[in-house]
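Undergrad: What follows is a structure written as structure tokens; I'll ask about it next.
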Amino acid sequence: MDQPILEATMRLTQLPNGAHATVTRVTGEAPQTDGATLERLGELGFIPGEPVQLLRRGPGGREPLAVMVGETMFALRWVEAHCIEVATA
């Protein structure tokens, strides 16, 4: 019988540069986030099942984070990227 593939779930901010993942959910657990931020992320394409790649971080390894979602590149602030939960195989 085939073994199930285990996926590691983490925040987009925890991915290493160049890593690929899949969005599992968008959640606003940080006090700086509000419904408008979460809605905006969904409108940009950060929805469950969508492939993402963290291309690189800004100066000092922090922000902005250059992220590909689908075929589109975005620059996200750390607090926005921290709202995005992803899974890696």
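Undergrad: Are any residues in segment 44-56 under 15 Å from Val67 (Cβ atoms) and not small (Gly, Ala, Ser), and if so, which ones? Walk me through it before giving the result.
TA: Narrowing segment 44-56 to residues under 15 Å from Val67 (Cβ atoms): 44-47, 50-56.
Selection gives Leu44, Phe46, Ile47, Glu50, Pro51, Val52, Gln53, Leu54, Leu55, Arg56.
Undergrad: How about segment 36-62: which of its residues are within 13 Å of Leu15 (Cβ to Cβ) and out of contact with any strand residue (DSSP E or B) (no Cβ under 7 Å at 6 or more places or on another chain)?
TA: Passing the criteria: only Gly61.
Undergrad: Sort through Pro48, Pro4 and tell me the only one that's modelled with pLDDT of 95 or more, farther than 15 Å from His82 by Cβ, not in a strand (DSSP E or B) and not small (Gly, Ala, Ser).
TA: Of Pro48, Pro4, the one residue that is modelled with pLDDT of 95 or more, farther than 15 Å from His82 by Cβ, not in a strand (DSSP E or B) and not small (Gly, Ala, Ser) is Pro48.
Undergrad: Right, here's the next one. Among (1) assigned to a strand (DSSP E or B); (2) out of contact with any helix residue (DSSP H, G or I) (no Cβ under 6 Å at 6 or more places or on another chain); (3) not acidic (Asp, Glu), there is one condition Val86 misses while meeting the rest; what is its number?
TA: (2)
Undergrad: State yes or no: is Thr24 touching a Pro at 6+ places or on another chain (Cβ under 7 Å) and assigned to a strand (DSSP E or B)?
TA: yes
Here's the yes/no breakdown for (1) out of contact with any Gly (no Cβ under 6 Å at 6 or more places or on another chain); (2) surrounded by fewer than 16 Cβ atoms within 10 Å (Cβ to Cβ); (3) touching a residue at least 12 places away in the same chain (Cβ under 8 Å); (4) not β-branched (Val, Ile, Thr):
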{"residue": "Gly35", "(1), (2), (3), (4)": "yes, yes, no, yes"}
{"residue": "Pro48", "(1), (2), (3), (4)": "yes, yes, yes, yes"}
{"residue": "Arg57", "(1), (2), (3), (4)": "yes, no, yes, yes"}
{"residue": "Glu63", "(1), (2), (3), (4)": "yes, no, yes, yes"}
{"residue": "Glu80", "(1), (2), (3), (4)": "yes, no, yes, yes"}
{"residue": "Cys83", "(1), (2), (3), (4)": "no, no, yes, yes"}
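The values are calculated or read from the model by the stated rules, or taken from the named source; none is laboratory data. Predicted, not measured: the structure shown is a model, and the values here were computed from it. Note that we place each Cβ from the backbone using ideal geometry, even for glycine, and neighbour counts take in every protein chain shown.
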